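What follows is one structure encoded as structure tokens, with my remarks underneath.
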Amino acid sequence: MAMNKKEQAEFEALKKQVAINRALRWTDPVDRDLPPPAMGGVSQGYDFNSYNKTVFQVWSKSTSHGNGVYSNLTRSASQNGLHLFSTEERALRALRAAVELEAAKALADIDAAIAKLTNPE
């Protein structure tokens, strides 16, 4: 049986609500599994930024690291080698865990403010 436009809109709204409800869960933390290489080596992996919620490629040597794909022509780097995520999926899972922790802390702060107003002591 075909749905009319109103039923289709209601169905789409329900699908969106289900996706939102499923997003409210705790994710297992993900460890960085790619250590900085030994002297002279370069490791290529992924990292994330929880502020702008992005995952990106990074490289690391024993003494420096930088964004993007490493090349011998790379001129810009930051000090110290980094532990990286070996896959984009691992970085995305770690990003999800970090964002959900930030959101949970913000919600806890709001709950505390509500409790303070409703139960002043």
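The values are calculated or read from the model by the stated rules, or taken from the named source; none is laboratory data. What you see is a predicted model; the values in this text were computed from it and never measured. Quick reminder, even Gly has a Cβ in these numbers, built from the backbone with ideal geometry, and neighbours come from all protein chains shown.
Table: residues versus (1) without any contact (Cβ under 8 Å) to a residue 40 or more places away in the chain; (2) under 19 Å from L95 (Cβ atoms); (3) of a type in the set (F, W, Y).
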{"site": "Q8", "(1), (2), (3)": "yes, no, no"}
{"site": "E12", "(1), (2), (3)": "yes, no, no"}
{"site": "D33", "(1), (2), (3)": "no, yes, no"}
{"site": "D47", "(1), (2), (3)": "no, yes, no"}
{"site": "F56", "(1), (2), (3)": "yes, yes, yes"}
{"site": "S64", "(1), (2), (3)": "yes, no, no"}
{"site": "V69", "(1), (2), (3)": "yes, no, no"}
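The set of residues from segment 38-49 being assigned to a loop (DSSP other than H, G, I, E, B) and either modelled with pLDDT of 90 or more or more than 14 Å from S64 (Cα to Cα) (or both) comprises just one member, V42. Residue count for segment 36-66 satisfying the condition of being loosely packed, with under 14 Cβ neighbours inside 10 Å and under 20 Å from the mean Cα position of the chain (by Cα): 6. Within segment 76-98, the presence of at least one residue that is more than 14 Å from the chain's Cα centre (by Cα), without any contact (Cβ under 8 Å) to a residue 12 or more places away in the chain and either outside any helix (DSSP H, G or I) or surrounded by 15 or more Cβ atoms within 10 Å (Cβ to Cβ) (or both) is confirmed. Please enumerate the residues belonging to segment 47-105 that are under 21 Å from P29 (Cβ atoms) and touching a Lys or Arg at 6+ places or on another chain (Cβ under 7 Å). Listed by number, the residues that qualify are H83, L84, F85, L95, V99.
Results for (1) modelled with pLDDT under 95; (2) within 21 Å of L101 (Cβ to Cβ); (3) part of a loop (DSSP other than H, G, I, E, B), shown as yes or no for each residue.
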| position | (1), (2), (3) |
| --- | --- |
| E7 | yes, no, no |
| D28 | yes, yes, yes |
| V69 | yes, no, yes |
| L73 | yes, no, yes |
